There are 2 protein chains.
Amino acid sequence: MIRKQVSRYLPVLDWSREYSRAALVDDLLAAAIVTVMLIPQSLAYALLAGLPPEVGLYASLLPLLLYGLLGTSRTMSVGPVAVVSLMTAAAVGGLGLAEPAHILAAAAALALVSGAMLLLLGFLRLGFLANFLSHPVIAGFITASGVLIALSQLRHLTGMNLAGDTLPELLLGLGQLKTEFNLTTALLGGATLLFLFWVRAALAPLLVRMGMAERTAALMAKAGPVVAVVVGAGLAWWLDLAGRGVALVGEVPAALPALAIPQLPMGLWQQLAGPALLIAVIGFVESVSVAQTLAAKRRQRIDPDQELIALGAANLSAGVSQGFPVTGGFSRSVVNFEAGARTPAAGIYTAMGMALAVLFLTPALAYLPKATLAATIVVAVLSLIDLSILWRAWRFARADFIAVSATVVVTLLLGVEWGVSAGVAASLAIYLIKASRPHIAVVGLVPGTAHYRNVDRRPVVTQPHVLSVRVDESLFFANARFLEDRLYQLVAEQPHLRHLILQCSAVNAIDLSALESLEAINERLNASGVRLHLSEVKGPVMDRLQRSDFLDSLTGRVYLSHHQAVTALDEEDFVI
Amino acid sequence: MIRKQVSRYLPVLDWSREYSRAALVDDLLAAAIVTVMLIPQSLAYALLAGLPPEVGLYASLLPLLLYGLLGTSRTMSVGPVAVVSLMTAAAVGGLGLAEPAHILAAAAALALVSGAMLLLLGFLRLGFLANFLSHPVIAGFITASGVLIALSQLRHLTGMNLAGDTLPELLLGLGQLKTEFNLTTALLGGATLLFLFWVRAALAPLLVRMGMAERTAALMAKAGPVVAVVVGAGLAWWLDLAGRGVALVGEVPAALPALAIPQLPMGLWQQLAGPALLIAVIGFVESVSVAQTLAAKRRQRIDPDQELIALGAANLSAGVSQGFPVTGGFSRSVVNFEAGARTPAAGIYTAMGMALAVLFLTPALAYLPKATLAATIVVAVLSLIDLSILWRAWRFARADFIAVSATVVVTLLLGVEWGVSAGVAASLAIYLIKASRPHIAVVGLVPGTAHYRNVDRRPVVTQPHVLSVRVDESLFFANARFLEDRLYQLVAEQPHLRHLILQCSAVNAIDLSALESLEAINERLNASGVRLHLSEVKGPVMDRLQRSDFLDSLTGRVYLSHHQAVTALDEEDFVI
């Protein structure tokens, strides 16, 4: 029992017991491939977040180790990712700091705070709260973020001084073509972009045609950015591109990060709380969906609450080791998966690989042109942009379309910090407004059956003294008065009415407000000489009604089936 | 048509056409009685709001006139009421103004802004939004406000310098008994309280025993405050109570208010927006429930959207005539109703009566002791305090109890401005969390019938290769992943499974997220060799599904009834 409790919080105890030699070899190979891919990625995402390159490397050390020990996904690769890096840039930029040391501390603090929040949510088992972020809203948010990220990289691709967190700001900068435009930078950036697009679109099929196995070809094609980065750094060193005005990554310290709590004034911590929560939620949702997609392929299970703890610990560790917020990234995890990683140990080996890179590769990294990194970012995020969600939502339901387009528009116009909140608010508001105005149908008997259907949809039989009404929603405070109004209106239209039967087959729950409304309806109908009956009341609703005095004061009866009710009331009237 | 449109916005055109001499006499009598009651009330509620007495009188002039022309309730009496006055005190107090002129302007601005908001909601026909304020939350809020109001009057009843907007502040003041305690004031306040309680509890039965008609006796008992006020003012003048340290109302200007937009710095208008919205919503909800209660007694109808417009206009007029926020009051409306008012004209006559009072009665009002007014407030609000709502909610459902107690506790501890928001937030959160974890039951055949019921509640027949599952909730983003998890879990428990049938009789709606989940479930079950079927899909849900590609990719079929599905799948397997 205790062992089970412990291994729930430390999944490593589970999988490490049966760790085989074969798994070790597979994991080491996958780790080597992922490390090679992660080095340029971590530099690029640090650039995107507006931070020095080493911060990206630091964020790829301890977090990978901790996720490897605590995570429930066997193949997910944790580290810096595009959308969270953009959110970090917006959050840290919003503080208006000038001192580089303060900016570093703020980024680390952001990781620390969002890590703490994730841990708290995990220990309280509140992972289900992330469900309120709907699929379409996330899809819209990621698409809009992709657009913003791609545009933000134009700065590095051209040497122009464009900056901004929103579409209007970025476009405004684009309009005022500045003198900083640097031809060499633009040529390098453009060439890298073309190369990367070619690799993505044409390399894998080419390799397959040349006789390579399909999986290997796909993996090779994923190495495009690595080649671009190596060639770019080589050119920069060989042709002295820095002398021609091309911005390079510059000196990267060749040492592992020291462990320390970031030093920041109290007020700034508070200002970071909102963005940290958003980063925590978005990072968690993205990461869990990556993990679940991969787990489903191998019939493995993900525990969302444990994922909160693992991601929380990963971010905490990023926060105390001069990193910035991290989460599970889709493309890198797919590489890890395809490269054959079998257990989270692959992530731990990747962390070791990154540590070696920090210690021995940094002199070479200094020559990396920023334009090359920017090109890898642009190509990576273009796959995030998927406008088809707008079309799918439009075709499916107006409500979903409003939620998605609110997310996209607000993200583009006001920035990432508002986009998600707007999407969640819109989807909740739409849901609540719909629930507050439920579908209420007058039903009648389908001839020759015992079924009752909407009088507006089918030819059915009704009677002048019995009104059958079906409510297609749980009854609660937001729709209780709506029900009252509608019933009074229906009753007023039928002067010969003696019985109203409420068919409750779709009423899944009832609250105190709705009970009070039913009491009012019962009383008021009674005053007009109409008796109120209920039919097909579900177990949980009946349990509630029995806890109140309603059933005692009910002028009519509760029937098991609607047909029973109509038949009984018919006979009763016949007897009278 | 046009006439109908106009009379929708001007109900006065409706009732005035058939205005009879008899109605005139009845309305005049009711107006006279209400005026006599309203004079001390308006002074007392101005005192409660922390404003000079004449503000209360001004708020009882134009607003009554406008509601008379625009309102749909025939008997409601609009004017200053206890809870809204307390909210005004909190809102204006929150601005930290020192200058009396600024305080007056802020109170008027509050009425103006909340009037404008009500008008806007009315023209946009958004009255249904008030439904999100549930009965139990309002009941809790009013009870807690009643406690705060009663305690806040201790200051005037004893002459002590107690102040505060929350229970801790008020109790803290009570603990530090200040030297301001004034024996004469306390004696006067105590005596008035005792007298008013006696009137309320014992006078009406006594009068009936003395041979008076019951309705007249009830009306006479309502006149208690008027007698107290007349006697109090008389004593103050005769015994020179001011000389003994008893605080009097003091000089009240004997002139009608000038019409003017309140002058306030822009920043303060913005600060008033939040409290104004709360006052608008609370005022509207209270007022409509009063109007509906009275209308039901005479089989009349209230139009909530037109009520928004009428109350909006009333508050706007209060704002431009040096008043403060007003709404329909319960006790006064009951008096108007019982006194025989037949049309809104009674309210218009009351406004005229109040104008006469302002012009000719003010010299006498100057002698009114504040302690007497405070006593009338305390007795009035004690009838608002109804702790039974806590007990009712507790007995009915934990969710309702949490919402009510959150409202009560937050109102008492943090003040009126937070109480309602906390209650609404709590009730929405509870509703959403419940909807996000729906009841999902495995069902089986009740032997000898074609009905399927929960296997945990009844002895039913099930099969090893067909799993029947009923979801008791509409499917939407917040519960889509929950459904996925639960189904995967159920399927994993049944190794021989070949068919999963989802009984959708309680699924009233479906959104894009839920559709995506269904697609994922379909695909994943297919990979495990299990086909997915649907049964009893409702019309609106089917319409949605047909707009997507889901039905094409569905591995199973959609059946009209669940029994049909089970029978068909049984036969199919038999053929195989």
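The values are calculated or read from the model by the stated rules, or taken from the named source; none is laboratory data. Keep in mind that this is a model prediction, so the values were computed, not measured. Glycine gets a Cβ as well: all are built from the backbone with ideal geometry, and neighbour counts include every protein chain shown.
Some observations on this one:
- Applying the condition of being among the small types (Gly, Ala, Ser) and within 28 Å of A:Thr372 (Cβ to Cβ) to the range A:132-155 and asking which residue is farthest from the other protein chains (Cβ to nearest Cβ) yields A:Ser152.
- Sub-6 Å Cβ pairs linking a first residue in the range A:432-449 that is within 8 Å of chain B (Cβ to nearest Cβ) to a second residue that is surrounded by 19 or more Cβ atoms within 10 Å (Cβ to Cβ) and among the polar types (S, T, N, Q), at least 6 apart or interchain, are A:Ser436/A:Asn479; A:Ser436/B:Asn131; A:Pro438/A:Asn479, ordered by first then second residue.
- The number of residues in the range A:31-76 being outside any helix (DSSP H, G or I) and not aliphatic (A, V, I, L, M) comes to 8.
- For B:Arg342: the one exception among (1) crowded, with 23+ Cβ neighbours inside 10 Å; (2) among the charged types (D, E, K, R); (3) closer than 30 Å to B:Ala23 by Cβ: (1)
- All of (1) surrounded by fewer than 17 Cβ atoms within 10 Å (Cβ to Cβ); (2) within 12 Å of A:Pro438 (Cβ to Cβ) hold for A:Glu473 with one exception: (1).
- Boolean, A:Leu518 is surrounded by 20 or more Cβ atoms within 10 Å (Cβ to Cβ) and either more than 26 Å from B:Ala399 (Cα to Cα) or touching a strand residue (DSSP E or B) at 6+ places or on another chain (Cβ under 7 Å) (or both): no
- Pick from the range A:522-557, criterion hydrophobic (A, V, I, L, M, F, W, C) and within 17 Å of A:Tyr452 (Cα to Cα), ranking: modelled with the highest pLDDT: A:Leu534
- Test: residue in the range B:316-328 that is surrounded by fewer than 23 Cβ atoms within 10 Å (Cβ to Cβ), in contact with a helix residue (DSSP H, G or I) (Cβ under 6 Å, 6 or more places away or on another chain) and of a type in the set (A, V, I, L, M): yes
- Matching residues, the range A:450-464, being away from chain B (no Cβ under 14 Å), loosely packed, with under 15 Cβ neighbours inside 10 Å and of a type outside the set (A, V, I, L, M, F, W, C): A:Pro459, A:Pro464
- Filter result (more than 29 Å from B:Val541 (Cβ to Cβ), small (Gly, Ala, Ser) and assigned to a helix (DSSP H, G or I)) within the range A:373-423: A:Ala374, A:Ala375, A:Ala380, A:Gly419, A:Ser421
- The one condition from (1) modelled with pLDDT under 85; (2) among the polar types (S, T, N, Q); (3) within 24 Å of A:Gly56 (Cβ to Cβ) that A:Thr179 does not meet is (3).
- Set A:Ala374, A:Ala397, A:Ala366, A:Ala380: member being touching a strand residue (DSSP E or B) at 6+ places or on another chain (Cβ under 9 Å), closer than 19 Å to A:Leu188 by Cα and among the small types (Gly, Ala, Ser): A:Ala366
- Residue in the range A:482-497 that is surrounded by 22 or more Cβ atoms within 10 Å (Cβ to Cβ) and polar (S, T, N, Q) present: no
- Scan the range B:210-251 for residues that are part of a helix (DSSP H, G or I) and more than 38 Å from the chain's Cα centre (by Cα) and the total you get is 9.
- Here the condition is being among the polar types (S, T, N, Q), away from every other protein chain (no Cβ under 12 Å) and in a helix (DSSP H, G or I); of A:Asn479, A:Asn522, it holds for A:Asn522 alone.
- With respect to being within 12 Å of chain A (Cβ to nearest Cβ) and free of Cβ contacts under 8 Å to residues at least 12 places away in the same chain, B:Ala514 falls outside the description.
- Considering the range B:533-563, the residues that are part of a helix (DSSP H, G or I) and in contact (Cβ under 8 Å) with a residue 24 or more places away in the chain include one that is farthest from the other protein chains (Cβ to nearest Cβ), namely B:Ser553.
- Verdict on A:Val208 being farther than 29 Å from A:Leu95 by Cα and modelled with pLDDT under 90: yes
- Residue satisfying all of: in the range B:410-429; modelled with pLDDT of 90 or more and either of a type in the set (Ser, Thr, Tyr) or farther than 20 Å from B:Ile142 by Cβ (or both); surrounded by the fewest Cβ atoms within 10 Å (Cβ to Cβ) among these: B:Ala429
- Scanning the range B:104-132 for residues that are of a type in the set (A, V, I, L, M) and surrounded by fewer than 19 Cβ atoms within 10 Å (Cβ to Cβ) yields B:Ala116, B:Leu120, B:Leu124, B:Leu126, B:Leu129.
- A:Ala233, sole failed condition from (1) within 30 Å of A:Leu414 (Cβ to Cβ); (2) surrounded by 17 or more Cβ atoms within 10 Å (Cβ to Cβ): (1)
- Meets criteria (at pLDDT below 90 and either assigned by TED's automatic domain parsing to the domain that holds B:Asp400 or outside any loop (DSSP other than H, G, I, E, B) (or both)) for B:Ile103: no
- Residue within the range A:405-422 that is among the β-branched types (Val, Ile, Thr), touching a helix residue (DSSP H, G or I) at 6+ places or on another chain (Cβ under 7 Å) and within 12 Å of chain B (Cβ to nearest Cβ) present: no
- Among the residues of the range B:41-52, those that are of a type outside the set (A, V, I, L, M, F, W, C) and buried (at least 24 other Cβ atoms within 10 Å of the Cβ) comprise B:Gln41, B:Ser42, B:Tyr45.
- Filtered residues of the range B:456-500 (kept if closer than 16 Å to B:Glu536 by Cβ and within 44 Å of the chain's Cα centre (by Cα)): B:Ser468, B:Val469, B:Arg470, B:Val471, B:Asp472, B:Glu473, B:Ser474, B:Leu475
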